[in-house]
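*Asks:* Before I ask anything, here is the structure I am working with.
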Amino acid sequence: MRNLNAFVVVCVCLPMLAADELKFETLFDGSSLEGWKHNGNWVIKDGVITRQGRGGSLVYTASKLPDDFELRFEWKVATGSNSGVYYRPGQYEYQILDNTVHADGKNPRTSAASLYFCMAPSEDATAPVGEWNQGRIVCKGSVVQHWLNGRKVIDFDYSDKQWKFNVDLLNARGGDLKSRGANLSLQDHGDPVWYRSIQLRAIGADEDIQHKTVQPAKISEEVLQKERARLKGILQRRQQQKQRQSEQKQGGK
């Protein structure tokens, strides 16, 4: 009788699992960039998206991302390569990087799978350069999760006061964690990068994403000093840009 009950449970659950998989929308099917916008610098080779020459990001324009969603994708880089997956307005970036060579890999907060210049992953879970990585982004409400190769490396609620420094850091760079309504964008940083198997689904209001805070990797004082100097440069350039715009506006009167 026990075996029969187990069989019934399996039979009942299998259709539910299949239905859940159908919630994912394929944004790239390996054969076409229909629904995507670019300047001729992104191509498909052997069923994979890659870039050639410069021309800017590859943007999915068929629809904007839901406020609450799960995005799955695969990526790989060449030696020293840098790219990123932008999924909300402004500076919301899942960093794509060769951690071993690129300078950004020295700071966990700008390393692969980081929420760039905001939250460091708990560990470096990247595959060797040239091999495929499985990326996953889960967002619901004020909770952001980044996954890499099956490991949840970021999980934080940005409304939690313990992350005030991280929130302020991104704000200073020009990002707003409360922003919503962006088009998915794959960054062209002029480096070799490959993407495939891009799938998206909306997350329902009643769905439990099993939020449990993941502590970010520790950052050495030496790296933090360089980060502060970098931020200072960003703010100085922004101030200079505002000043030039103000002068141009006054000159046009």
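*Asks:* Calculate the spin-label point distance for S179 paired with A202, positioning each point 7 Å from the Cα along the beta-carbon direction, and give it in nanometres.
*Replies:* 2.3
*Asks:* Given the options L27, N171, F73, identify the residue whose Cα lies farthest towards the positive end of the charge dipole of region 24-238 (+1 on Cβ of Lys, Arg; -1 on Cβ of Asp, Glu).
*Replies:* N171
*Asks:* Under 13 Å from a point 7 Å along the Cα-to-Cβ line of E131: which residues of region 89-125 have their amide N that close?
*Replies:* 125
*Asks:* Also, quick follow-up: Check W36: other-chain or 5+ apart residues with amide H under 5 Å from its amide H, H built from backbone geometry?
*Replies:* Close amide H contacts, sequence-distant or interchain: T61.
*Asks:* From the phi of every residue in region 65-79, what ³J(HN,Hα) in whole Hz does the Karplus formula 6.51 cos²θ - 1.76 cosθ + 1.60 yield, where θ is phi - 60° and glycine or proline is x?
*Replies:* 6, x, 4, 10, 7, 10, 10, 10, 7, 10, 8, 8, 10, 8, 4
*Asks:* Mind checking the log10 I(q)/I(0) for region 24-238 at q = 0.08, 0.11, 0.12, 0.19 Å⁻¹? Debye, one equal scatterer per Cα, no solvent, two decimals.
*Replies:* Debye curve over Cα of region 24-238, log10 I(q)/I(0) at q = 0.08, 0.11, 0.12, 0.19 Å⁻¹: -0.26, -0.50, -0.60, -1.59.
*Asks:* Right, another one. How far apart, in nanometres, would the label points at S142 and K161 be if each is projected 7 angstrom from Cα along the Cα-to-Cβ direction?
*Replies:* 1.2
*Asks:* In addition: Less than 20 Å apart at the alpha-carbon level, and either on another chain or at least 8 residues along: which aspartates and glutamates does that give for K76?
*Replies:* Those aspartates and glutamates meeting the cut-off are D29, D46, E93, D98, D104, E123, D124, E131, D188, D191.
*Asks:* With n ≥ 4 as the cut-off for DSSP H runs, can you work out [θ] at 222 nm for the chain, using -39500 (n - 2.57) per run divided by the number of residues, rounded to the nearest 500? Mind showing how you got there, number by number?
*Replies:* On the way: 3 runs with 61 residues, N = 253.
Theoretical 222 nm ellipticity from helices: -8500 deg cm²/dmol.
*Asks:* Along the Cα-to-Cβ line of T100, 7 Å from the Cα, sits a label point; which residues in region 167-210 have backbone N less than 13 Å from it?
*Replies:* Output list for this probe position: empty.
*Asks:* Further question on the same structure: Return a single number: how many Lys pairs in region 126-224, at a sequence separation of 8 or more or on separate chains, have alpha-carbon atoms below 19 angstrom apart.
*Replies:* The result is 13.
*Asks:* For N171 and L33, calculate 0.36 nm times their separation in residues minus their Cα-Cα distance, and state this gained length in nm to one decimal.
*Replies:* Working: separation 138, 0.36 × 138 = 49.68 nm, distance 3.30 nm.
Extending this stretch completely gives an extra 46.4 nm.
*Asks:* FRET efficiency for R54 and A78, Cβ-Cβ distance as r, R0 = 25 Å, nearest 0.05?
*Replies:* Working: r = 16 Å, r/R0 = 0.64.
It comes out at approximately 0.95.
Bear in mind that the values in this text are calculations on the coordinates, not laboratory data. This is a predicted model, so every value here is computed, not measured. Note that we place each Cβ from the backbone using ideal geometry, even for glycine, and neighbour counts take in every protein chain shown.
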